[in-house]
Amino acid sequence: MAPLSTPYTPTTLRATVTPCPWVPFKPHEGHIETPPLPYKPRTDKLLDVYNISTHVIPAANPRATPDAPVPEPPPRSSNRDVMKLGHEFTERQVRQAEGAWFTNEKLLWNCVNRYTKKGKEANARTKGITLFLAHATGFPKETWEATLCYLLTACGSIDEIWSLESVQHGDSALLNRQNLSGSSFDWTDNARDIANFLINYMPEDVETSTLPIQLPRLHASIGESRQKNGFSSRTVVAAGHSFGGCSLVLAALNFPALFSSMILVDAIIDLYQGPAWEFNKFVVGATLVRREQWPSREDALRSFKSSPMFSTWHPDVLRLYVDHGLYEDASGCVRLKTSPVHEALIYANPRASREAWESLERLEENIELLWVVPGKLRHFVPTAEQAAKERVWRRPANSSNILVECGHLIPHECPRELAQIMADFLHRKYGVILRQSKL
């Protein structure tokens, strides 16, 4: 039976928002020393075939939001108080977004994982496939690894994989915890961080040699060429989930030459008007008061397994979240690397999601889009179902979509099914040889 997809649905819903100007990149002045790492860099292997290494780069400079102290997390309380708290927090971000244009040049860092083949096989083909991954809000870059294991079992023709972490997530959050702003977070900064890595730091060629922890900034002429003509020796396929998918689209709208195709896993590109906006405020409040500390990793794992949200996850992804989404704090307990406050800041300022909706129809048609759509998503507001149907056809040319029987957290709940979808796409578009017909 052929996979289900959403039939063509023309746009009837408009975002009515004017996209903000893209803040140009400005290199930090002088030599930048690698900061002391508060975590152990990865040196292990994936499936005993791909070496894993952890690297850092300076994040895009300047940032599109002002520097401000991080607010104290509120006490856990009733649903009514949570709704009120989310309303206050969100309205503050909206007022700031509608006010004066701010930037700050405080140095932040992005952590990125690199997965590269052992031996010489990686350099066997010209312009082989490089897979770039962008994560969802609240989850570290490593949550992609369950999907990667299934994907690389199905097809071995991916030369190199890079997974970049947003500045307030996972290892990046530990590195930046003294410098993160508590005022708001503009999603375009995550898009700028993605573009900054692809333009200024991704190495020219796929190599199996060891790279330094702090990746060197490339010569300006290479970055300028990439912006105009793309990569000389790579074919970049980007996959982004939720907030990460929206960030990829924003990056591609400004630098289309960087991308050959995109796999958008329920990318949060939406209207956020009326009831949808009110429901989002509740999500903000609930995030602010979520639990963030446990006596041990095993206690955290037991707690997650009893949670309605986490209980549907694939066990491998849940283990990855416990191993890489938590760290040991000064008290000897384990704590979320991504704090609830900084997670809530992302939910509280979805203006860029509306900007992406408004601009998506202008995305260059030579970037093929594959939308992966959840088949079990519950819609809490009247326009959500219609918006979900229209989203995947906002730019109808060179686009397709496929439904998977999961909720919004597709990489977490259904990594095997997502990997099969990705493998089939790579086989159809790039002729990647599949090792077996179905996972």
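Observations on the model:
- Candidate set: the stretch 228-269, residues that are β-branched (Val, Ile, Thr) and more than 18 Å from residue 409 (Cα to Cα); chosen: the one farthest from the chain's Cα centre (by Cα): 235
- Within the stretch 36-71, tally of residues that are of a type outside the set (Ser, Thr, Tyr), part of a loop (DSSP other than H, G, I, E, B) and over 26 Å from residue 152 (Cα atoms): 14
- Any hit, the stretch 370-389, residues being of a type in the set (A, V, I, L, M) and closer than 17 Å to residue 148 by Cα: yes
- Of the residues 417, 405, 413, the single one that is of a type in the set (D, E, K, R), surrounded by fewer than 16 Cβ atoms within 10 Å (Cβ to Cβ) and within 22 Å of the chain's Cα centre (by Cα) is 405.
- Matching helices (runs of 4 or more DSSP H) fully within the stretch 335-439 where at least 2 residues are over 26 Å from residue 285 (Cβ atoms) and touching a residue at least 24 places away in the same chain (Cβ under 8 Å): 351-359, 384-391, 415-430
- Residue count for the stretch 319-329, restricted to those that are among the aliphatic types (A, V, I, L, M) and touching a residue at least 40 places away in the same chain (Cβ under 8 Å): 1.
- Check on residue 307, of a type in the set (Ser, Thr, Tyr), assigned to a loop (DSSP other than H, G, I, E, B), farther than 26 Å from residue 81 by Cα and over 22 Å from the mean Cα position of the chain (by Cα): no
- Only one of 278, 298 that is modelled with pLDDT under 85 and either surrounded by fewer than 17 Cβ atoms within 10 Å (Cβ to Cβ) or at positive phi (or both): 278
- Of all residues in the stretch 16-42, exactly one satisfies the criterion of being closer than 14 Å to residue 324 by Cβ and free of Cβ contacts under 8 Å to residues at least 60 places away in the same chain, namely 40.
- Pairs with Cβ under 9 Å, 6+ apart, first in the stretch 182-197 and in contact (Cβ under 8 Å) with a residue 40 or more places away in the chain and over 20 Å from residue 359 (Cβ atoms), second surrounded by fewer than 22 Cβ atoms within 10 Å (Cβ to Cβ) and of a type in the set (D, E, K, R): 182/67; 183/67; 183/92; 184/92
- One residue stands out among those in the stretch 414-439 that are at pLDDT 95 or above and touching an Asp or Glu at 6+ places or on another chain (Cβ under 9 Å): the one that is farthest from residue 373 (Cα to Cα), which is 429.
- Residue check for residue 209: over 30 Å from residue 345 (Cβ atoms) and either in a loop (DSSP other than H, G, I, E, B) or aliphatic (A, V, I, L, M) (or both): yes
- Looking only at the stretch 171-202, and only at residues there that are surrounded by fewer than 17 Cβ atoms within 10 Å (Cβ to Cβ) and closer than 22 Å to residue 142 by Cα, the one that is nearest to the chain's Cα centre (by Cα): 174
- A count restricted to the stretch 312-334 and to residues that are within 22 Å of the chain's Cα centre (by Cα) and either surrounded by fewer than 11 Cβ atoms within 10 Å (Cβ to Cβ) or in a loop (DSSP other than H, G, I, E, B) (or both) stands at 4.
- Within the stretch 335-364, considering residues that are farther than 19 Å from residue 72 by Cα and of a type in the set (Gly, Ala, Ser), the one surrounded by the most Cβ atoms within 10 Å (Cβ to Cβ): 356
The values are calculated or read from the model by the stated rules, or taken from the named source; none is laboratory data. Just so we're clear, the structure is a prediction, and the values are computed from it rather than from any experiment. Positions of Cβ are backbone-derived with ideal geometry, glycine not excepted, and every protein chain shown enters the neighbour counts.
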